[in-house]
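The values are calculated or read from the model by the stated rules, or taken from the named source; none is laboratory data. Small disclaimer: the values here were computed from a predicted structure and weren't measured. Ideal geometry is used to build each Cβ from the backbone, glycine not excepted, and the neighbour counts take in all protein chains shown. Heads up: the accessible areas ignore ligands, DNA and RNA and are worked out on the full protein's heavy atoms, side chains in. Shrake-Rupley method; radii C 1.70, N 1.55, O 1.52, S 1.80 Å.
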Protein chains: 2
Amino acid sequence: MSGSGSDAVAVVESYPMNGGDGTFSYNKNSYFQRAATNLARAAIDEVIAGELDVKRFSPALTAFRIADLGCSVGPNTFVAVQNILEAVRRKYESQGLASQLPDFQVLFNDNVSNDFNTLFASLPSDRPYYAAGVPGSFHGRLFPDASLHFVHSSYALHWLSKVPKELVDPNSPAFNKGRVHYTSAPSEVSNAYTTQFTKDMATFLSARGEEIASGGIMVLVMPGIANGIPYSRIPSGVMFDLLGFSLMDMAKEGIISEAQVDSFNLPVYAPSPDEMTALVESNGCFSIQRMDLAAPQSKIEDSVGGHACMLHLRAGMEGIISKHFGSEIIDDLFDRFLGKTKEYSDRLNSAFLQGSQLVAILKRK
Amino acid sequence: MSGSGSDAVAVVESYPMNGGDGTFSYNKNSYFQRAATNLARAAIDEVIAGELDVKRFSPALTAFRIADLGCSVGPNTFVAVQNILEAVRRKYESQGLASQLPDFQVLFNDNVSNDFNTLFASLPSDRPYYAAGVPGSFHGRLFPDASLHFVHSSYALHWLSKVPKELVDPNSPAFNKGRVHYTSAPSEVSNAYTTQFTKDMATFLSARGEEIASGGIMVLVMPGIANGIPYSRIPSGVMFDLLGFSLMDMAKEGIISEAQVDSFNLPVYAPSPDEMTALVESNGCFSIQRMDLAAPQSKIEDSVGGHACMLHLRAGMEGIISKHFGSEIIDDLFDRFLGKTKEYSDRLNSAFLQGSQLVAILKRK
């Protein structure tokens with residue numbers, strides 16, 4: 001075996017969320033993800049109460065290990081792992097095994113470029129677990145064999161390990177001219193994205209299959225899409241279209257070039273439940289406890305919705321956009337984006353009515 | 001149980017080594033520690049070959065866990081854990097258990113204020129282990145019960161968890177006027193240091209006793225001192241005296257105040273082998289495999305020795321000195337210190353001939 005650095009599929013680049021604690025930080029602007037965490041909580045409680053067989057681990061188990069993959073810098077990750085830990089503790093109690101409750105160790109994972117210093121400084125001081133940070137790509141191995149009992153990942157698995165090359169090849173039918181994503185794009189473009197996601201999920205599931213002990217649970221929460229629904233009808237799709245429109249406006253005004261827009265593609269993907277089911281079954285290590293879509297919230301407030309979307313997108317995407325276009329365009333770009341959210345508020349609001357959050361709960365066979 | 005944040009003895013302050021990769025960084029100026037690592041290597045190889053009974057862990061063992069306590073930012077920690085890992089691997093092979101070789105997981109520990117981002121970015125890409133960072137004070141619990149198989153700590157345990165209060169109390173007989181350490185100080189001062197070190201080692205050994213699996217090994221390398229030898233005759237003692245002299249010179253010139261010097265004390269301690277033996281026996285969890293002193297190097301070059309000492313002291317102590325006196329005095333102070341090393345080169349050189357590195361090898365009963 002070897003560590004995460006060598007086994008991993010080559011991750012061309014990684015883009016940390018905005019660090020620190022400022023106005024545009026991920027820390028202050030991750031409430032969509034927080035909403036996802038709250039929604040997933042009930043599902044997590046249910047699967048632990050119903051499906052987690054703690055007797056299968058004890059009494060040899062000295063530590064119950066929980067991993068959060070793509071944890072960013074908090075605070076959502078702390079809320080999520082605390083929920084999991086409490087549900088596991090209740091399960092031990094309900095099974096009359098309170099006296100055998102093991103120590104908990106939580107392994108916080110994200111890319112090497114994540115701001116682990118901020119994460120560590122903000123760890124809850126009264127946490128009832130031993131904390132560790134694990135740097136590296138979850139597209140490769142991160143943990144020893146069969147060493148994990150519960151794996152959680154929220155809004156991380158939609159990041160592809162890389163941008164498919166053909167998207168930026170002017171001679172390819174998948175050349176993604178004038179767009180920044182496969183939203184509203186020809187099928188060649190979305191097929192290139194799908195192929196990459198399929199490869200990434202194969203390596204992800206294979207790595208987790210080795211790391212999760214038999215009987216262990218994995219909960220994946222990420223942007224999802226109903227079968228047959230175009231990506232342009234879910235919230236992130238609308239946002240990516242509006243981001244592309246804003247960039248093309250800037251290109252038309254000569255602030256950036258069209259070639260820069262053509263060569264920029266957001267490496268994020270949202271699968272359907274059927275697609276994820278097929279990928280999990282193809283891997284073969286996990287049984288599916290749950291695979292469905294939920295809407296993260298009913299309707300955003302018209303008055304604040306556009307602003308919230310802008311802050312959300314900026315916190316998550318400023319790094320990757322700055323790297324490609326330069327940081328000097330950022331304020332202008334997101335001002336334009338905010339204007340677009342007003343212009344397209346009907347489309348944005350109806351997208352938020354769509355079920356757009358995929359919850360996959362898997363159990364290691 | 002609870003995590004490191006709550007169980008830990010109150011650590012008043014922590015002072016990270018100079019981060020990054022610049023001229024005065026710990027990363028570039030930790031060759032004394034590197035020399036210690038090289039010297040300890042033979043001892044580590046020997047204890048693993050002779051005393052580590054890997055059959056005691058296998059075949060239930062899925063991961064062999066190595067912790068480095070006070071790892072700083074590298075590269076010494078990477079060299080040390082690689083040495084340990086290779087020696088363990090050889091042991092599995094020599095016992096005919098190569099096919100049962102478990103995964104290795106290395107847990108890199110240091111205070112929360114350590115620059116883990118730099119540590120993670122410099123992890124060897126071809127490392128044959130899974131890496132994790134564990135933030136928190138080793139004066140409290142850091143890991144689950146019985147989850148470690150080999151613990152290493154080099155040049156970290158000499159840091160006290162806090163400065164004893166009486167050292168800065170003008171009404172106490174332990175008031176440490178005009179000095180920055182117990183080197184060359186009255187017995188009341190050194191007794192206050194000894195009392196604090198005794199408390200710190202009690203909590204340290206108690207925590208490690210719970211965390212290390214039966215049969216596991218702990219190697220502690222730190223500044224040490226022969227019984228009956230005054231601290232002023234070992235290298236760090238000479239350096240602390242010269243640092244105190246330099247500060248007092250600056251106080252006499254009015255650059256800083258004498259009160260500032262009086263209220264500043266370096267929270268570092270060097271025990272004798274007999275003292276450490278008594279502390280380990282009082283704890284009761286460990287058998288002593290080895291407890292002795294070695295000289296880290298035969299003799300430093302006159303021409304470079306003072307400069308090397310200055311860089312070494314600056315890399316390790318700039319943080320704590322800046323916090324107390326302000327960063328504006330640092331360049332001046334270390335220029336003066338360099339001058340003192342020339343003035344006192346005989347004393348410094350003879351100190352380097354003393355056995356001044358304590359190697360303690362303990363085995364969990």
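Within the stretch B:325-345, the set of residues being more than 15 Å from B:M310 (Cβ to Cβ), open to solvent by less than 40 Å² (accessible area, probe 1.4 Å) and assigned to a helix (DSSP H, G or I) comprises B:F325 only.
Within the stretch B:273-286, is even one residue closer than 24 Å to B:S236 by Cα, open to solvent by less than 50 Å² (accessible area, probe 1.4 Å) and not in a helix (DSSP H, G or I)? Scanning the stretch B:273-286 turns up no residue that is closer than 24 Å to B:S236 by Cα, open to solvent by less than 50 Å² (accessible area, probe 1.4 Å) and not in a helix (DSSP H, G or I). I'd like to know if the stretch A:132-139 contains one or more residues that are β-branched (V, I, T), assigned to a loop (DSSP other than H, G, I, E, B), within 12 Å of chain B (Cβ to nearest Cβ) and farther than 18 Å from B:R141 by Cβ. No, that holds for no residue.
Within the stretch A:221-230, can one find any residue that is of a type outside the set (S, T, N, Q) and open to solvent by 60 Å² or more (accessible area, probe 1.4 Å)? Within the stretch A:221-230, one or more residues are of a type outside the set (S, T, N, Q) and open to solvent by 60 Å² or more (accessible area, probe 1.4 Å). Right, B:A213: under 18 Å from B:S287 (Cβ atoms) and more than 16 Å from the chain's Cα centre (by Cα) or not? Answer is yes for this residue. Suppose the filter is among the β-branched types (V, I, T), surrounded by 17 or more Cβ atoms within 10 Å (Cβ to Cβ), out of contact with any strand residue (DSSP E or B) (no Cβ under 7 Å at 6 or more places or on another chain) and modelled with pLDDT of 70 or more; does A:V11 pass it? For A:V11, the condition - among the β-branched types (V, I, T), surrounded by 17 or more Cβ atoms within 10 Å (Cβ to Cβ), out of contact with any strand residue (DSSP E or B) (no Cβ under 7 Å at 6 or more places or on another chain) and modelled with pLDDT of 70 or more - is not met. Filtering the stretch B:350-364 to residues that are open to solvent by less than 20 Å² (accessible area, probe 1.4 Å) and farther than 25 Å from B:M218 by Cα leaves B:A351, B:F352.
Taking B:S94 as the residue in question, decide whether it is surrounded by fewer than 22 Cβ atoms within 10 Å (Cβ to Cβ), more than 8 Å from chain A (Cβ to nearest Cβ) and within 21 Å of A:G136 (Cα to Cα). No; evaluated as a whole, the condition is false for this residue. Pairs meeting the criteria (first residue in the stretch B:191-205 and closer than 17 Å to B:D274 by Cα and in contact (Cβ under 8 Å) with a residue 12 or more places away in the chain, second residue crowded, with 19+ Cβ neighbours inside 10 Å and among the β-branched types (V, I, T), beta carbons under 7 Å, at least 6 apart or on different chains) are B:L205/B:V280.
Given the criteria of a type in the set (K, R) and not in a loop (DSSP other than H, G, I, E, B), does A:K177 qualify? Judged against the criteria, A:K177 is not a match.
B:K299 - would you say it is modelled with pLDDT under 95 and open to solvent by 40 Å² or more (accessible area, probe 1.4 Å)? Spelling it out, B:K299 is indeed modelled with pLDDT under 95 and open to solvent by 40 Å² or more (accessible area, probe 1.4 Å).
Taken over the stretch A:104-130, the criterion of being assigned to a strand (DSSP E or B) and either open to solvent by 10 Å² or more (accessible area, probe 1.4 Å) or more than 7 Å from every other protein chain (Cβ to nearest Cβ) (or both) is satisfied by A:F104, A:V106, A:F108, A:N109, A:D110.
Scanning the stretch A:346-365 for residues that are closer than 15 Å to A:G237 by Cα and not in a strand (DSSP E or B) gives A:D346, A:R347, A:L348, A:N349, A:S350, A:A351, A:F352, A:L353, A:Q354, A:G355, A:S356. The set of residues from the stretch B:238-272 being in contact with a strand residue (DSSP E or B) (Cβ under 9 Å, 6 or more places away or on another chain) and either assigned to a helix (DSSP H, G or I) or hydroxyl-bearing (S, T, Y) (or both) comprises B:F240, B:Y269, B:S272. When A:I330, A:I321 are screened for being under 21 Å from A:A259 (Cα atoms), under 22 Å from the mean Cα position of the chain (by Cα) and hydrophobic (A, V, I, L, M, F, W, C), only A:I321 passes. For the stretch A:184-204, indicate whether the set of residues that are open to solvent by 10 Å² or more (accessible area, probe 1.4 Å) and touching a helix residue (DSSP H, G or I) at 6+ places or on another chain (Cβ under 6 Å) is non-empty. Scanning the stretch A:184-204 turns up at least one residue that is open to solvent by 10 Å² or more (accessible area, probe 1.4 Å) and touching a helix residue (DSSP H, G or I) at 6+ places or on another chain (Cβ under 6 Å).
Cβ-Cβ contacts under 6 Å between residues 6 or more apart (or on different chains), taken from a first residue in the stretch A:209-226 that is more than 11 Å from A:I361 (Cα to Cα) to a second residue that is among the small types (G, A, S) and assigned to a helix (DSSP H, G or I), are listed as A:P223/A:S236. Cβ-Cβ distances below 8 Å connect the following pairs, each with a first residue in the stretch B:325-347 that is touching a residue at least 24 places away in the same chain (Cβ under 8 Å), a second residue that is aromatic (F, W, Y) and assigned to a helix (DSSP H, G or I), and a separation of six or more residues or different chains: B:L333/B:F325; B:K340/B:F245.
Can we say A:G96 is under 30 Å from A:M239 (Cβ atoms) and modelled with pLDDT of 90 or more? The answer is no for A:G96.
Residues in the stretch A:137-174 that are touching a helix residue (DSSP H, G or I) at 6+ places or on another chain (Cβ under 6 Å) and free of Cβ contacts under 8 Å to residues at least 24 places away in the same chain were compared, and the one that is farthest from A:V112 (Cα to Cα) is A:P173.
Within the stretch B:140-158, take every residue that is facing chain A (nearest Cβ under 7 Å) and either open to solvent by 10 Å² or more (accessible area, probe 1.4 Å) or of a type in the set (D, E, K, R) (or both) and give me the one that is nearest to B:F286 (Cα to Cα). Within the stretch B:140-158, the match that is nearest to B:F286 (Cα to Cα) is B:A146.
Checking the stated criteria, B:L85 turns out not to satisfy the condition of being buried (at least 20 other Cβ atoms within 10 Å of the Cβ) and either in contact with an Asp or Glu (Cβ under 7 Å, 6 or more places away or on another chain) or within 14 Å of chain A (Cβ to nearest Cβ) (or both).
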